[in-house]
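Engineer: Sharing a structure with you now.
The values are calculated or read from the model by the stated rules, or taken from the named source; none is laboratory data. Computed from a prediction, not measured in an experiment: that's the story for all the values here. Using ideal geometry, Cβ is built from the backbone for each residue, glycine included, and neighbour counts are taken over all protein chains shown.
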Amino acid sequence: MKSNLNLLVAWLWILLGFISGMALGMFFHGENWLGGYGSFRRRMYRLGHISFFGLGAVNLLFCLTVQNFSLAGPLVHFASLAFIVGAMAMPVCCGVMAHFPKAHLIFAVPVVSLLTGGVLTLALILEEPKAAGTANMTAPTLNNQPATVSSP
Ligand code: HEM
């Protein structure tokens, strides 16, 4: 159930990545926009844009891992929450940092959350070799035939 929330966050974040890219795209031709391409503020905006995709993908991978390896238990819930908090905090921190560079310590929130999520997920996989081993044993066989268009 919880991992469905990660799936929702994943696709919402990918969509926000597109939207933030579109927003950047409206101004990025301006050479001096936000102080120029290499300026700290513009880099933070870019990092926020990219983090939507990266952390959307992380949440998607977590969801698929939980489902595919039938992981369950309280650690799964903690890991799920950690990835969601990390995904939410990272772009917010990028935005805050872009305007208040001295607030760099706030990056501890996404970093600690994501590290926690990563460690917990790894622990879950190592902890449940049976569940992992039996996961999706009936995986569909890959059809290695090239796709053909049936002739009329
Ligand atoms: C609707 C789709 C997208 C739009 C409109 C978009 C738009 C942009 C724009 C305008 C910039 C430049 C920002 C600047 O000049 O400061 C940028 C940078 C970047 N975008 Fe996107 N983007 C899109 C999708 C993606 C995707 C799917 C990825 C990767 C998963 C991605 C990764 C990046 C990266 C890594 C940079 C930094 C490039 C660099 O520093 O040279 N973007 N994007």
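Engineer: For G95, indicate whether it is under 15 Å from W11 (Cα atoms) and touching a residue at least 24 places away in the same chain (Cβ under 8 Å). Don't jump to the end; show me each part of the working.
Structural biologist: Working: under 15 Å from W11 (Cα atoms): no; touching a residue at least 24 places away in the same chain (Cβ under 8 Å): yes.
Criteria not met by G95.
Engineer: Which condition breaks for L61 when tested against (1) within 22 Å of the chain's Cα centre (by Cα); (2) touching a residue at least 12 places away in the same chain (Cβ under 8 Å); (3) more than 9 Å from the ligand (Cβ to nearest atom)?
Structural biologist: For L61, the exception is condition (2).
Each row is one residue, and each column tells you yes or no for (1) closer than 23 Å to G21 by Cβ; (2) in a helix (DSSP H, G or I).
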| position | (1), (2) |
| --- | --- |
| H49 | yes, yes |
| Q67 | no, yes |
| A72 | no, no |
| L75 | no, yes |
| P91 | yes, yes |
| A98 | yes, yes |
| K102 | no, yes |
| A108 | no, yes |
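Engineer: Could you tell me whether L81 is under 20 Å from F107 (Cα atoms), under 18 Å from the mean Cα position of the chain (by Cα) and either surrounded by fewer than 17 Cβ atoms within 10 Å (Cβ to Cβ) or within 12 Å of the ligand (Cβ to nearest atom) (or both)? If you could, list the steps in order and put the result at the bottom.
Structural biologist: Working: under 20 Å from F107 (Cα atoms): yes; under 18 Å from the mean Cα position of the chain (by Cα): yes; either surrounded by fewer than 17 Cβ atoms within 10 Å (Cβ to Cβ) or within 12 Å of the ligand (Cβ to nearest atom) (or both): no.
Spelling it out, it is not the case that L81 is under 20 Å from F107 (Cα atoms), under 18 Å from the mean Cα position of the chain (by Cα) and either surrounded by fewer than 17 Cβ atoms within 10 Å (Cβ to Cβ) or within 12 Å of the ligand (Cβ to nearest atom) (or both).
Engineer: I need the full set of residues from region 58-77 which are under 29 Å from Y45 (Cα atoms) and touching a Leu at 6+ places or on another chain (Cβ under 6 Å), in order please.
Structural biologist: Listed by number, the list holds a single entry, C63.
Every residue, every condition in (1) surrounded by 13 or more Cβ atoms within 10 Å (Cβ to Cβ); (2) among the basic types (K, R); (3) touching a Gly at 6+ places or on another chain (Cβ under 7 Å), yes or no:
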residue	(1), (2), (3)
N4	no, no, no
L15	no, no, no
G21	yes, no, no
I50	yes, no, no
G54	yes, no, no
G86	yes, no, yes
C94	yes, no, yes
H104	no, no, no
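Engineer: State yes or no: is L114 within 19 Å of L7 (Cβ to Cβ) and modelled with pLDDT of 95 or more?
Structural biologist: Working: within 19 Å of L7 (Cβ to Cβ): yes; modelled with pLDDT of 95 or more: yes.
Considered against the rule, which asks whether it is within 19 Å of L7 (Cβ to Cβ) and modelled with pLDDT of 95 or more, L114 comes out as yes.
Engineer: As an exercise: evaluate T116 against (1) surrounded by fewer than 16 Cβ atoms within 10 Å (Cβ to Cβ); (2) on the phi < 0 side of the Ramachandran plot; (3) not acidic (D, E) and give the number of the one condition it does not meet.
Structural biologist: Only one criterion in (1) surrounded by fewer than 16 Cβ atoms within 10 Å (Cβ to Cβ); (2) on the phi < 0 side of the Ramachandran plot; (3) not acidic (D, E) is unmet by T116, namely (1).
Engineer: A further question on this structure: Looking at region 117-144, which of the residues that are of a type in the set (V, I, T) and farther than 17 Å from P74 by Cβ is modelled with the highest pLDDT? Break it down stepwise before answering.
Structural biologist: Of region 117-144, the ones of a type in the set (V, I, T) are 119, 121, 125, 134, 138, 141.
Next cut, farther than 17 Å from P74 by Cβ only: 134, 138, 141.
Working: T134: 49, T138: 46, T141: 41.
In this case the residue turns out to be T134.
Engineer: OK, next. Restricted to region 49-58, and to residues that are among the small types (G, A, S) and under 15 Å from C94 (Cβ atoms), which residue is nearest to the ligand (Cβ to nearest atom)?
Structural biologist: At the first step, the residues of region 49-58 found to be among the small types (G, A, S) are 51, 54, 56-57.
Next cut, under 15 Å from C94 (Cβ atoms) only: 51, 54, 56.
On the way: S51: 10, G54: 7, G56: 9 Å.
Of everything passing the filter in region 49-58, G54 is nearest to the ligand (Cβ to nearest atom).
Engineer: If you don't mind, there's one more thing I want to ask. Return the pair list, or none, for Cβ contacts closer than 6 Å from residues in region 106-128 that are within 13 Å of V92 (Cβ to Cβ) to residues that are crowded, with 16+ Cβ neighbours inside 10 Å and among the small types (G, A, S), at least 6 apart or on different chains.
Structural biologist: Between residues of region 106-128 that are within 13 Å of V92 (Cβ to Cβ) and residues that are crowded, with 16+ Cβ neighbours inside 10 Å and among the small types (G, A, S), the close pairs are V109/A89; P110/G86; P110/A89; S113/A82; S113/G86.
Engineer: For region 44-58, which residues satisfy the criterion of being aromatic (F, W, Y) and within 12 Å of the chain's Cα centre (by Cα)? Quick ask: steps written out before the conclusion?
Structural biologist: Narrowing region 44-58 to residues aromatic (F, W, Y): 45, 52-53.
Matches in region 44-58: F52, F53.
Engineer: Exactly one of these conditions fails for P74: (1) under 12 Å from the mean Cα position of the chain (by Cα); (2) more than 10 Å from the ligand (Cβ to nearest atom); (3) closer than 19 Å to L115 by Cα. Give me its number.
Structural biologist: (1)
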